[in-house]
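The values are calculated or read from the model by the stated rules, or taken from the named source; none is laboratory data. Predicted model only: the values in this text are computed from it and were never measured. Heads up, the Cβs are rebuilt from the backbone with ideal geometry, glycines too, and the neighbour counts pull from every protein chain shown. The area values use the complete protein model at the heavy-atom level, side chains included, leaving out ligands, DNA and RNA. Shrake-Rupley method; radii C 1.70, N 1.55, O 1.52, S 1.80 Å.
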There are 2 protein chains.
Amino acid sequence: MQRQLSTHLYRHLQREFGLSGSDYEILVNLSEAPTGRMRAFELGEATDWEKSRMSHHLTRMAQRGLVRREPCAEDTRYADIVLTDEGRAAIAEAAPYHAANVRAWFIDAVGKERLEVLEDASEAVLVALAEHDARAEHG
Amino acid sequence: MQRQLSTHLYRHLQREFGLSGSDYEILVNLSEAPTGRMRAFELGEATDWEKSRMSHHLTRMAQRGLVRREPCAEDTRYADIVLTDEGRAAIAEAAPYHAANVRAWFIDAVGKERLEVLEDASEAVLVALAEHDARAEHG
DNA sequence: ACGCGCAGGTTGACGCATCATCCAGATTTG
DNA sequence: CAAATCTGGATGATGCGTCAACCTGCGCGT
């Protein structure tokens with residue numbers, strides 16, 4: 001089910017707006033940032049991606065003109081990521097439709113009560129994984 | 001959560017047994033087939049993959065010696081996919097550990113009651129997607 | 001003051017997934 | 001019977017994600 005849902009969601013984004021799910025995630029985070037600029041590792045925390053994935057993806061998005069790397073004052077060696085006008089336009093156009101799809105296909109289909117159960121279940125799985133990691137580290 | 005769980009599951013398979021999640025899925029299906037041989041499109045139905053993904057993946061698995069394409073009696077133009085000894089050994093070794101991980105990290109963590117709710121929810125999402133597809137086709 | 005570790009980030013190689021396109025043989029249709 | 005169509009499948013190009021290796025300054029210990 002998860003696969004089918006993601007496939008539908010991302011296919012829609014791709015066909016209607018030329019954005020991948022990953023593009024969308026980055027653009028949303030950037031557009032929600034008050035200053036409109038973030039460091040790569042902040043995006044990493046927000047999206048929970050590996051740093052190398054982030055770097056590769058930002059490179060590709062920069063080539064398509066959605067995003068720009070801009071030298072960051074105060075921290076010589078690193079760069080800020082900033083939305084281009086094009087990037088801002090893309091997310092503004094896509095977001096309402098994507099949100100509507102998520103609501104129709106997932107949130108409404110699942111319903112409020114089951115959604116709460118699902119949140120608890122997710123939490124429980126994450127706890128189980130964290131416990132396993134903890135054991136692996138010092139075991 | 002779904003991403004974290006899959007990552008853990010597949011990382012374990014990869015590191016301990018050198019198998020990807022996709023490899024595993026194919027091997028399980030083949031090893032469960034009474035005759036030990038299946039046509040590619042049967043595997044496609046069982047896994048719900050696109051045909052081109054199947055073809056590419058079988059090519060890679062064949063190169064690694066897990067699987068073999070064997071001309072199929074009765075149906076000249078197509079080929080059966082058969083497990084090699086190596087493939088059978090790989091799945092026999094990996095399956096118990098993988099199943100244990102799925103149980104510990106997912107099934108037990110979620111618990112029986114929540115699991116049932118989750119099944120209903122999945123079903124509801126699939127219905128919503130199917131309805132959308134139906135509308136799109138003749139609309 | 002200097003060396004060294006480390007956090008943030010980049011790069012290259014590789015495997016994987018999708019799309020579009022093509023192919024052969026079988027089946028329908030005119 | 002011939003032409004269009006359908007089915008099962010292969011292939012090439014391209015984008016994505018991971019791993020391993022590497023680079024670069026900052027900060028810490030001595």
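Quick check: pseudo-label points 7 Å beyond the Cα along Cα→Cβ at A:ARG69 and B:ALA33, how many nm apart are they?
4.8 nm
In Å, what is the Rg of the alpha-carbon atoms in the range A:47-95, and how long is Dmax?
Every Cα atom of the range A:47-95 included, Rg and Dmax give 12.0, 34 Å.
Add -39500 (n - 2.57) for each DSSP H run of 4 or more in chain A, then divide by its residues: what number comes out at 222 nm, to the nearest 500 deg cm²/dmol?
-22500 deg cm²/dmol
Within the P(r) computed for the range A:2-111, what percentage of the Cα pairs occupies the region above 21 Å?
39 percent
Hey, which lysines would be in cross-link range of B:LYS112, C-alpha to C-alpha under 24 Å, not counting anything within fewer than 8 residues on its own chain?
A:LYS112
With every protein chain left in place and a probe of 1.4 Å, what is the accessible surface of B:HIS98, to the nearest 10 Å²?
Rounded to the nearest 10, that gives 20 Å².
Could you list, bin by bin from short to long, the percent of Cα-Cα pairs of the range A:1-60 in 5 Å steps?
Distribution as computed: 4, 17, 25, 21, 20, 11, 2, 0 percent.
Hey, how many Å between the Cα centroid of the range B:96-132 and the Cα centroid of the range A:76-139?
18 Å
Which of the chymotrypsin sites (Phe, Trp or Tyr not before Pro) across the range B:54-139 are loop residues per DSSP, with 16 or fewer other Cβ within 10 Å?
B:TYR78
Relative to the other copies, what are the label-point distances for B:ALA62, with labels 7 Å from Cα along the C-beta vector, expressed in nm at one decimal and sorted shortest first?
4.2
Please identify the longest segment of chain A free of exposed GluC sites (Glu not before Pro), where exposed means a DSSP state other than H, G, I, E or B and no more than 16 other Cβ atoms within 10 Å.
The longest uninterrupted stretch comes out as A:75-139.
Please report, in debye to the nearest 20, how large the charge dipole of chain A is about its Cα centre when each Lys and Arg carries +1 at its beta carbon and each Asp and Glu carries -1 there.
Here chain A has a charge dipole of around 660 debye.
Once the other residues with Cβ under 9 Å from the Cβ of A:ALA40 are scored (Lys, Arg +1; Asp, Glu -1), what is the net sum?
+1
Restricting to Cα pairs below 8 Å that are 6+ residues apart, what does the relative contact order work out to for the range A:51-96? Please round to a whole percent.
Result for the range A:51-96 is 29 percent.
What number comes out for the charge environment of B:ASP23, summing +1 per Lys or Arg and -1 per Asp or Glu over other residues with Cβ under 10 Å away?
With Lys, Arg at +1 and Asp, Glu at -1, the net is +1.
At B:ILE107, label 7 Å along Cα→Cβ: distances to the other copies, nm, ascending?
Reported distances to equivalent positions: 3.4 nm.
Given a Förster radius of 30 Å and the C-beta distance between A:GLU113 and A:THR47 as r, what FRET efficiency does 1/(1 + (r/R0)^6) yield to the nearest 0.05?
0.55
Count neighbours as other Cβ atoms within 10 Å of each site's Cβ, and list the trypsin sites (Lys or Arg not before Pro) in the range A:1-46 that are DSSP loop with at most 14 such neighbours.
Taking the range A:1-46 and a limit of 14 other Cβ atoms within 10 Å, no loop trypsin sites (Lys or Arg not before Pro) are found.
Averaged over every viewing direction, what's the projected area of the C-alpha convex hull for the protein assembly as shown? Give it in nm², one decimal, please.
Computed as one quarter of the Cα hull surface, the answer is 20.0 nm².
State, to one decimal in nm and shortest first, how far the label point of B:GLY36 sits from each corresponding label point in the other identical copies (label point: 7 angstrom along Cα-to-Cβ).
Values, ascending and in nm: 6.6.
Accessible area per residue, 1.4 Å probe, Å², for the range B:10-139: what's the number?
With the other protein chains kept in place, the range B:10-139 gives 62 Å² per residue.
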